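Take a look at the structure below.
The values are calculated or read from the model by the stated rules, or taken from the named source; none is laboratory data. Since the structure is predicted, the reported quantities are computational estimates derived from the model, not experimental observations. Heads up, the Cβs are rebuilt from the backbone with ideal geometry, glycines too, and the neighbour counts pull from every protein chain shown. In case anyone asks, the SASA skips ligands and DNA or RNA and just uses the protein heavy atoms, side chains included. Shrake-Rupley method; radii C 1.70, N 1.55, O 1.52, S 1.80 Å.
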Amino acid sequence: MRKKRDNIHRFFILIISLFLFLFIFPVSAQQLGDVDHNSSIDIVDSLLTAQYYVGLNPDGFDPGLADVDGNGLINIVDALLIAQYFVGLITEFPGPQPTPESEDLISNGEFDNGTTDWYYVSDTSTSGSMATVNNGDMSGPNALEVTLTEGGTLDWHVEVMQYIAVSRDTRYRIYFMAKAASPRTITVMIQQNHDPWTRFMEWSMTLTTSVESYGPFTLDSTVNDADARLSFGLGGNNGDVFLDNIKLIAEAQTPTTVPTPGPTPGPTIPVSGDAAAVRDWITDLTSGSSNRVLSGQFCSHGNEVVGDFDKYMTGLASQTGKYPAMISIDYEYAKIFSPSELEAANNVLIDYWNAGGLVSLNYTPRNPFTGGDTRDLDLYGGRLYDLVDSSTSVYTTWHNRLDVIADGLLHLKNAGVVVLWRPLQEGNGTWFWFGHNPGYIEVWRDMYEYFQAKGLDNLLWVYSVADGWDPAWIEPNYPGDSYVDFVGNNIYNDTLDQINYDLCLSFGKPLAISENGWQQDDAYGDNDNRIIINQIRENYPETRWFMNWHDWSTNNLHAIVSNQNAAALMDDPWVITRDEVNW
């Protein structure tokens, strides 16, 4: 008790001394604050001042302690907190807090009004509930407890959410406190509250049984969406989760102008003469007043194209008098095709090339860790990095598969075919085994080097992402200018609106709509193909090609031939068809 009274006594002496010093000695605030005489008041000055007044040795301190309330400013609150810390009245500083001039969009973030404005949404396979409790030992008297007896298998199977609006050129910062009955993972996200449920941002974290403060998690929004939501994805695990002190801070940002790529952007990949000519021609397309956008049609997987060509390509030509400029298939996805099956597929592609068309190939590989399909997310405890580590067994499995793929591509090279090569698509999504995992860049670059060593200089590499899905992932996982020729965006909605357009342009590479289709599971063949080129012309004029996807069920009819006004699309003066390819 004596020590505590002494500390309090010292603290009051400190405060009184500060005021007396200001009144007795006629010095300016600048002179008083600039204790290290570097002509500015900064973090060093704040901490030196605090340590001087409490009589401590100022050497060896951590300057980061000065902004102790984490609001980005060094002010009187910081000085008093530092002083209290040094005399022992407080033992820790508060965690990061939003700046006072920011706007908190969350209603009832402390749960003082029960669960008002919060919603519990869940898949039918789950079982759980939410309620406020007053024994969470978090912030204030109340906290939210979410009880999960059956949490499903995916994070979105159970969500606690609040409706919000998202604005372009606004920075959003999320702060919250959380703990769990046992260690487990949750996801915090800002996303659409409507189809296609695009996640503008998402972060995953592991909760412990101790209360921890999280944030800030930051989203720099490039979209306007009045119907969005802040959501905590709690599915995929069972057990109680506690949340409290939730803040969503909105800060207006200065609008930024995204540079338009020039005709020769960034470092280029060394390729054969024909490949370079194709790349240059596609790059320059948007400089013209017409014939600016290549039409494309995806025709299934592997040797399925042998049977599907008549429907998607010959059928379209019969209806419109024209073939699309580009044909595309996937070298895998549906199954692991044998060398002879890939050869049969190649023969169709070679014929299309010889008739004047261009060729695009996807590689959506099946899971080499498990032998399962592409959507098998289990890595058997491994990592993507294992695919490039020659000491692992999966390295051998993976590269044996790449050998078969390379042989197929060499078959095309020997036939003179230039390939727009689109591997590992939609890595920013969470539905493919290679998506959203560390090591994506390393796997991409290793594939590039492996194929270069085999002489595959007929490939033009296309980095393609899923539109609007976790934009924060896209730039950090871009393989690099020396490994990418084009950037593609995959879009599925009835208006062809794009969220990622400006972001994809920012790489300085020619841009494509590498996949497009209508609203999934609601595409019955009654959509207007003219929307595709009208949207490109009016809103996305840097687009070099579009690639309509194939049909796969009665409510997923995405092909050009399966929808309305196919002839008007193919006849549009901006659209390039096979007879107009002229590289």
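Does GLY480 qualify as being open to solvent by less than 10 Å² (accessible area, probe 1.4 Å) and under 22 Å from the mean Cα position of the chain (by Cα)? Criteria not met by GLY480. Of the residues ASP274, ASP351, the single one that is touching a residue at least 24 places away in the same chain (Cβ under 8 Å), in a helix (DSSP H, G or I) and open to solvent by 10 Å² or more (accessible area, probe 1.4 Å) is ASP274.
Just wondering, is there one or more residues in the range 514-525 that are surrounded by fewer than 19 Cβ atoms within 10 Å (Cβ to Cβ) and farther than 27 Å from ASN556 by Cβ? If you could, list the steps in order and put the result at the bottom.
Going residue by residue through the range 514-525, those that are surrounded by fewer than 19 Cβ atoms within 10 Å (Cβ to Cβ) are 519-522, 524-525.
Applying the additional criterion that residues be farther than 27 Å from ASN556 by Cβ yields none.
Looking for residues that are surrounded by fewer than 19 Cβ atoms within 10 Å (Cβ to Cβ) and farther than 27 Å from ASN556 by Cβ, one finds none in the range 514-525, hence no.
Condition check: open to solvent by less than 60 Å² (accessible area, probe 1.4 Å), in contact with a Ser or Thr (Cβ under 7 Å, 6 or more places away or on another chain) and within 25 Å of GLN253 (Cβ to Cβ). Does SER221 satisfy that? Answer is yes for this residue. Every test in (1) of a type in the set (Val, Ile, Thr); (2) within 20 Å of ASN362 (Cβ to Cβ); (3) in contact with a Leu (Cβ under 8 Å, 6 or more places away or on another chain) is passed by ILE531 save one, and that test is (2). Among the residues of the range 445-481, those that are among the polar types (S, T, N, Q) and either within 16 Å of LYS413 (Cβ to Cβ) or part of a loop (DSSP other than H, G, I, E, B) (or both) comprise GLN452, ASN458, ASN477. A single entry from TYR333, TYR380 fulfils the requirement of being buried (at least 21 other Cβ atoms within 10 Å of the Cβ) and part of a loop (DSSP other than H, G, I, E, B): TYR333.
Quick check, is ARG168 open to solvent by 40 Å² or more (accessible area, probe 1.4 Å) and not in a strand (DSSP E or B)? Yes; evaluated as a whole, the condition is true for this residue. Among the conditions (1) open to solvent by less than 50 Å² (accessible area, probe 1.4 Å); (2) more than 29 Å from VAL278 (Cβ to Cβ); (3) under 27 Å from the mean Cα position of the chain (by Cα), the only one that PRO365 does not satisfy is (2). The residue list VAL487, VAL462 contains one member that is buried (at least 21 other Cβ atoms within 10 Å of the Cβ) and without any contact (Cβ under 8 Å) to a residue 40 or more places away in the chain, which is VAL487.
Quick check on GLY435: is it closer than 19 Å to ASP330 by Cα and either modelled with pLDDT of 95 or more or not in a helix (DSSP H, G or I) (or both)? So GLY435 fits the description; yes.
Look at SER213 and say whether it is more than 30 Å from ASP497 (Cα to Cα), crowded, with 16+ Cβ neighbours inside 10 Å and either free of Cβ contacts under 8 Å to residues at least 60 places away in the same chain or over 17 Å from the mean Cα position of the chain (by Cα) (or both). Considered against the rule, which asks whether it is more than 30 Å from ASP497 (Cα to Cα), crowded, with 16+ Cβ neighbours inside 10 Å and either free of Cβ contacts under 8 Å to residues at least 60 places away in the same chain or over 17 Å from the mean Cα position of the chain (by Cα) (or both), SER213 comes out as yes. Whenever a residue of the range 539-568 is part of a loop (DSSP other than H, G, I, E, B), its partners that are of a type in the set (Ser, Thr, Tyr) and open to solvent by 40 Å² or more (accessible area, probe 1.4 Å), lying with C-beta atoms within less than 9 angstrom and at least six residues away or across chains, give the pairs GLU542/THR260; THR554/TYR524; ASN555/TYR524; LEU557/TYR524.
Here the range 388-413 is the region considered, the condition is being among the polar types (S, T, N, Q) and not in a loop (DSSP other than H, G, I, E, B), and the residue that is farthest from PRO339 (Cα to Cα) is SER393. All of (1) modelled with pLDDT under 95; (2) part of a loop (DSSP other than H, G, I, E, B); (3) not basic (Lys, Arg) hold for TYR385 with one exception: (2).
From the list TYR478, TYR524, which one is without any contact (Cβ under 8 Å) to a residue 40 or more places away in the chain and over 18 Å from GLY427 (Cβ atoms)?
Values: TYR478 fails: over 18 Å from GLY427 (Cβ atoms).
Sole residue among the options that is without any contact (Cβ under 8 Å) to a residue 40 or more places away in the chain and over 18 Å from GLY427 (Cβ atoms): TYR524.
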